[in-house]
1. I'm trying to understand the selection: among the residues of the stretch 50-60, which are hydrophobic (A, V, I, L, M, F, W, C) and open to solvent by 10 Å² or more (accessible area, probe 1.4 Å)?
2. Residues in the stretch 1-17: is at least one of a type in the set (Ser, Thr, Tyr) and within 11 Å of the chain's Cα centre (by Cα)?
3. Restricting attention to the stretch 70-87, does a residue exist that is out of contact with any Asp or Glu (no Cβ under 7 Å at 6 or more places or on another chain), open to solvent by less than 10 Å² (accessible area, probe 1.4 Å), farther than 26 Å from Glu4 by Cα and touching a residue at least 40 places away in the same chain (Cβ under 8 Å)?
4. Collect the residues in the stretch 22-37 that are modelled with pLDDT of 95 or more and touching a Lys or Arg at 6+ places or on another chain (Cβ under 8 Å), keeping them in residue-number order.
5. Can you name every residue in the stretch 5-43 that is in contact (Cβ under 8 Å) with a residue 60 or more places away in the chain and either charged (D, E, K, R) or more than 20 Å from Asp104 (Cβ to Cβ) (or both)?
6. Out of (1) assigned to a loop (DSSP other than H, G, I, E, B); (2) modelled with pLDDT of 95 or more; (3) open to solvent by 80 Å² or more (accessible area, probe 1.4 Å), what's the single condition that is false for Lys66?
7. Suppose we filter Val45, Val25, Val38 for residues that are in contact with a helix residue (DSSP H, G or I) (Cβ under 7 Å, 6 or more places away or on another chain) and open to solvent by less than 10 Å² (accessible area, probe 1.4 Å); which single one remains?
Amino acid sequence: MYPEYLVAPMRQELVDAGFEELKTVEEVDTAIPSKGTVFVVVNSVCGCAAANARPAARYAVENGKKPSKLVTVFAGMEKDAVDKAREYMLPYPPSSPAMALFKDGTLVHMIERHMIEGRPAQMIADNLIAAFDEYC
C-alpha cells in the first residue's frame, strides 16, 4: 500500500477526465457487469502509467465515441477491489497499469502492461479509440 498523499494526484488525473473510482468489491461488481460499455483503467504509480497509460486513457475518452461508463481501480491501494476487477479480466494475468473494455459485462478489448511500456501515449490512445469505435 502506498501513502494516500502519494497517489492522490494520480487518482485525480483520471477523476478529472470523468472516471469514477471503484474502491470496494461491491462497486466493482456493480460497475463492470452493467449494461452498455465500461472502460476500466487499472491505475498505478509506475512511470509507464504516468507517461503512457493515463495520458492515453484521457485522450481516448475525448473521442467522439466513448464507453457508457469510465471507471478506475488503483493497484497497490484498494487490494480487494483491484483483485475483483482483475477477475473480470481473466484469462489475462494481473498487470498494472492495464486497460479493459467490457460490453454488457463481457471483456471485448484488453491492453496489458507489456502493451503500454515503451509505447507512446498516442499509439495506445489510437488503439483504444479503435476499440471504442467498434464496441461503443
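1. Ala50, Ala51
2. We begin by selecting, within the stretch 1-17, every residue of a type in the set (Ser, Thr, Tyr); these are 2, 5.
With within 11 Å of the chain's Cα centre (by Cα) added as a condition, the list becomes none.
No - not one qualifying residue is present in the stretch 1-17.
3. no
4. Correct list: Val25, Val28, Asp29, Ala31, Gly36, Thr37.
5. Passing the criteria: Val7, Met10, Arg11, Lys35.
6. So Lys66 meets the others, but not (2).
7. Values: Val45 fails: open to solvent by less than 10 Å² (accessible area, probe 1.4 Å); Val25 fails: open to solvent by less than 10 Å² (accessible area, probe 1.4 Å).
It is Val38.
Conditions (1) out of contact with any Ser or Thr (no Cβ under 7 Å at 6 or more places or on another chain); (2) of a type in the set (A, V, I, L, M, F, W, C), marked per residue:
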position: Val42; (1), (2): no, yes
position: Val45; (1), (2): yes, yes
position: Ala56; (1), (2): yes, yes
position: Glu62; (1), (2): yes, no
position: Val73; (1), (2): yes, yes
position: Val82; (1), (2): yes, yes
position: Glu87; (1), (2): yes, no
position: Leu90; (1), (2): yes, yes
position: Ala100; (1), (2): yes, yes
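The values are calculated or read from the model by the stated rules, or taken from the named source; none is laboratory data. Since we're looking at a predicted model, the values are computed, not measured. With ideal geometry, Cβ positions are generated from the backbone for all residues, glycine too; neighbour counts draw on all protein chains shown. With ligands, DNA and RNA removed, areas are computed over all heavy atoms of the protein, side chains included. Shrake-Rupley method; radii C 1.70, N 1.55, O 1.52, S 1.80 Å.
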